[in-house]
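The values are calculated or read from the model by the stated rules, or taken from the named source; none is laboratory data. The shown structure was predicted, so the numbers you read here are calculated from the model rather than taken from an experiment. Virtual Cβ from ideal backbone geometry, glycine too; neighbours counted across all protein chains shown. These accessible areas exclude ligands, DNA and RNA; they are computed on the full protein's heavy atoms, side chains included. Shrake-Rupley method; radii C 1.70, N 1.55, O 1.52, S 1.80 Å.
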Amino acid sequence: MRWRPRLASVLVSITLVIGLLPLGGVAVLRVYESALVRQTESELIAQGALVAASYRARFEQLTRGRKPAYRVAADYGSPVTSLPRPADPENRWRPRLAVLDLATDAVLPAPEDAIPAAEPPAAVALAVGAELGGILRETQQITLAGIRVTDPAGTIVASTGEELGHSLAHHEEVQRALTGEHVSVMRWRASQLKATRQVPPLDSISRGTRIRVFVALPIVHRERVIGAVLLQRTPANVSQALFYGKRRELLWGGVMLVTVMVGIALLASLLIARPVHALREQARRAARGERGAVTPLARPGTREIAELSETVAEMAQTLEQRATYIRDLAAQVSHEFKTPLTAMRGAVEMLREHGVQMSEAERTRFLDIIEGDATRLSHLVRRLLELARADVMPAGDEQVDFTAALQAAAARHRASGLAVQLDAPPMRAVMSADTLDAVLNTLLDNARSHGGPDARVLLRALEAGPFIDLEVEDDGAGISAANRARVFEPFFTTARDRGGTGLGLSIARALTRAHGGELELLAGERGARFRLRLRKVASE
């Protein structure tokens, strides 16, 4: 039972798996979409770092040396005011990792267009920008990224577009980069906003096609910001990444999903449907009257179905035993009633046909036959009612002084001439006083009836764990081997000529079992030896 799952666990697991499959797919797409955004951010960071290093190197060449091409003031640019990026313990590396996340980061409005600059940039900035412009446009053909380089005032000096001489000083990313900060943001695409005139929903699966990633990096030379690099690109959307770049993986994922669904269906069939179907077939066979049709299932699947199968099998076995008992009892009752009824009918017919010619003695003899058989039938009916009540008697919690009941029964039978010896310590049993007295009377009456006039009976009681065992042993002729197996059968008796009905021991056993005890015949050297086992009242 331990290794079998519960039916509720199987149903809950199946429900959770089925419910989590689509949710898991959505979660995977969300995570993958964020990964695409971070991938784009990483690529832009790498390109921006290269552009910034190239600009700084060329700026150094044009402004330093014995004969610099351009002279700039010592305070050219702006001081770094933002917090420095964290470095490794040796202060050699300052990695810039991708940080954008669609689940937590806000998507900002589309950027404003560049505006005319208030003042022209410095000559050195124009010279460096002119050299980088061609490189940036050629790079854009491969990376698809828009790149713009500004001077310290935010004026564009190099671009992949047609915005040279315009200012980006009003852009938030450029403003922050000119303080020495590295910036990454997501913004809605301006073309998307102009086409739809509304902001796309944030929970859209394909919103990666509606946003752009912006990365701004400062160009720092000798602890002063001499410009900024602004890069932008639209990240790949989920459909492009999956259907064009991950076709094989997507196909395998679909196959795995179908496999999981088929596996769940088979598991439910094995653990639930098949055992229930087997139980139904057993019930149908039992309904058609087939004996032994209901048995515990060999593969019940779950613990509940295993317990149900065993319970139903026990119930079916009990019903079969009860049906057999009722059938046998009906046959025995019919046989027991048939003999006296036949005798009574014959006596009535004789009196009806020849009663006038009969003498008084003959009529009296026939009337005595009728009276005797009627008395026997009445006694049989009373004993049958007692047996029926004993079979259906509910187990109660009544208690009795077991030793006192033994003493009272022994004294009553001693007064009638039966030698009874008693050996019993003080104990209490779970049974009513009247029921215990009826059982004891049956056992002692049997000893008197079958042991003879000089029979002696020994009542010996002792504790046996949670039970009380009472042995009733007589020194009579005993019970033959052929009759030992039948002593508890209803209507079986060897004293029919003395008015015995053969129901006493059957009633006594039924009463004992109704109270959780047992009555059985034990082997003995001589005489009859019965053991009455009753539940003991635990001492407080």
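Pairs only if they're at least six apart or on different chains, beta carbon under 9 angstrom, first in region 114-143 and closer than 19 Å to Ala53 by Cβ and of a type in the set (D, E, K, R), second open to solvent by less than 60 Å² (accessible area, probe 1.4 Å) and assigned to a helix (DSSP H, G or I); list them, first residue then second.
Close Cβ pairs (under 9 Å, with a partner that is open to solvent by less than 60 Å² (accessible area, probe 1.4 Å) and assigned to a helix (DSSP H, G or I)) amount to Glu131/Ser54.
Assuming Val472 fulfils every condition listed in (1) buried (at least 19 other Cβ atoms within 10 Å of the Cβ); (2) touching a His at 6+ places or on another chain (Cβ under 8 Å) apart from one, which condition is it?
All conditions are met except number (2).
For Val472, are the conditions met, namely being free of Cβ contacts under 8 Å to residues at least 40 places away in the same chain and in contact with a helix residue (DSSP H, G or I) (Cβ under 8 Å, 6 or more places away or on another chain)?
Against the criterion (free of Cβ contacts under 8 Å to residues at least 40 places away in the same chain and in contact with a helix residue (DSSP H, G or I) (Cβ under 8 Å, 6 or more places away or on another chain)), Val472 does not qualify.
Across region 420-453, what is the number of residues that are assigned to a strand (DSSP E or B) and either in contact with a Gly (Cβ under 6 Å, 6 or more places away or on another chain) or crowded, with 16+ Cβ neighbours inside 10 Å (or both)?
Selection size over region 420-453: 5.
Within the bounds of region 207-217, is there any residue that is of a type in the set (Gly, Ala, Ser), at pLDDT 65 or above and open to solvent by less than 30 Å² (accessible area, probe 1.4 Å)?
Among the residues of region 207-217, at least one is of a type in the set (Gly, Ala, Ser), at pLDDT 65 or above and open to solvent by less than 30 Å² (accessible area, probe 1.4 Å), which makes the answer yes.
I'd like the full set of residues that are among the small types (Gly, Ala, Ser), in contact with a helix residue (DSSP H, G or I) (Cβ under 8 Å, 6 or more places away or on another chain) and open to solvent by 30 Å² or more (accessible area, probe 1.4 Å), limited to region 289-307.
Correct list: Gly292 only.
Every residue in region 394-448 that is among the basic types (Lys, Arg) and modelled with pLDDT under 85, please.
Selection gives Arg448 alone.
Residues of region 464-488 being over 17 Å from Thr512 (Cα atoms) and modelled with pLDDT of 80 or more, which ones?
Answer for region 464-488, where residues must be over 17 Å from Thr512 (Cα atoms) and modelled with pLDDT of 80 or more: Gly465, Glu473, Asp474, Asp475.
Among the residues of region 280-295, is there at least one that is in contact (Cβ under 8 Å) with a residue 12 or more places away in the chain and within 26 Å of Ile14 (Cα to Cα)? Don't jump to the end; show me each part of the working.
Narrowing region 280-295 to residues in contact (Cβ under 8 Å) with a residue 12 or more places away in the chain: 282-283, 286, 291-295.
Cutting the leftovers down to within 26 Å of Ile14 (Cα to Cα) gives us none.
No, that holds for no residue.
Starting from residues that are out of contact with any helix residue (DSSP H, G or I) (no Cβ under 7 Å at 6 or more places or on another chain) and either buried (at least 21 other Cβ atoms within 10 Å of the Cβ) or small (Gly, Ala, Ser) (or both), keep the ones in region 147-158 and report whichever is nearest to Glu41 (Cα to Cα). Spell out how you get there, then give the answer.
The first filter runs over region 147-158 and keeps only residues out of contact with any helix residue (DSSP H, G or I) (no Cβ under 7 Å at 6 or more places or on another chain), leaving 148, 152-153, 155-156.
Adding the requirement that they be either buried (at least 21 other Cβ atoms within 10 Å of the Cβ) or small (Gly, Ala, Ser) (or both) leaves 148, 153, 155-156.
Numbers: Arg148: 16, Ala153: 25, Thr155: 24, Ile156: 22 Å.
Among those residues, the one meeting the criterion is Arg148.
Tell me which residues, restricted to region 107-136, are out of contact with any Phe, Trp or Tyr (no Cβ under 9 Å at 6 or more places or on another chain) and either under 20 Å from Val213 (Cβ atoms) or among the β-branched types (Val, Ile, Thr) (or both).
Passing the criteria: Glu112, Asp113, Ala114, Ile115, Ile135, Leu136.
Would you mind telling me which numbered condition in (1) in contact (Cβ under 8 Å) with a residue 24 or more places away in the chain; (2) part of a loop (DSSP other than H, G, I, E, B); (3) open to solvent by 40 Å² or more (accessible area, probe 1.4 Å) Thr104 fails?
That leaves (1) as the condition not met.
Considering each residue of region 521-540, count those that are part of a strand (DSSP E or B) and either under 45 Å from the mean Cα position of the chain (by Cα) or among the hydrophobic types (A, V, I, L, M, F, W, C) (or both), and give that number.
In the first step, residues of region 521-540 are kept if they are part of a strand (DSSP E or B); the result is 521-522, 529-536.
From what's left, either under 45 Å from the mean Cα position of the chain (by Cα) or among the hydrophobic types (A, V, I, L, M, F, W, C) (or both): 521-522, 530, 532-536.
Result for region 521-540: 8.
Pairs only if they're at least six apart or on different chains, beta carbon under 7 angstrom, first in region 506-528 and farther than 18 Å from Phe492 by Cα, second among the charged types (D, E, K, R) and not in a strand (DSSP E or B); list them, first residue then second.
Note: pairs meeting the criteria are Arg526/Asp475; Gly527/Asp475.
With the requirement that a residue be surrounded by fewer than 22 Cβ atoms within 10 Å (Cβ to Cβ) and out of contact with any Leu (no Cβ under 7 Å at 6 or more places or on another chain), what does region 32-44 give you?
Residues satisfying the conditions are Tyr32, Ala35, Leu36, Gln39, Ser42, Glu43.
Across region 369-393, which residue is modelled with the lowest pLDDT among those that are open to solvent by 80 Å² or more (accessible area, probe 1.4 Å) and among the charged types (D, E, K, R)? Step through it out loud before you land on a result.
So the first thing to find is which residues in region 369-393 are open to solvent by 80 Å² or more (accessible area, probe 1.4 Å), and the list is 371, 375, 382, 385, 389, 392.
Still in the list and also among the charged types (D, E, K, R): 371, 382, 389.
Numbers: Glu371: 86, Arg382: 72, Arg389: 65.
Looking at residues that are open to solvent by 80 Å² or more (accessible area, probe 1.4 Å) and among the charged types (D, E, K, R), I get Arg389.
List the number of the failed condition for Arg85; all other conditions in (1) open to solvent by 60 Å² or more (accessible area, probe 1.4 Å); (2) closer than 25 Å to Thr179 by Cβ; (3) modelled with pLDDT of 85 or more; (4) more than 49 Å from the chain's Cα centre (by Cα) hold.
So Arg85 meets the others, but not (3).
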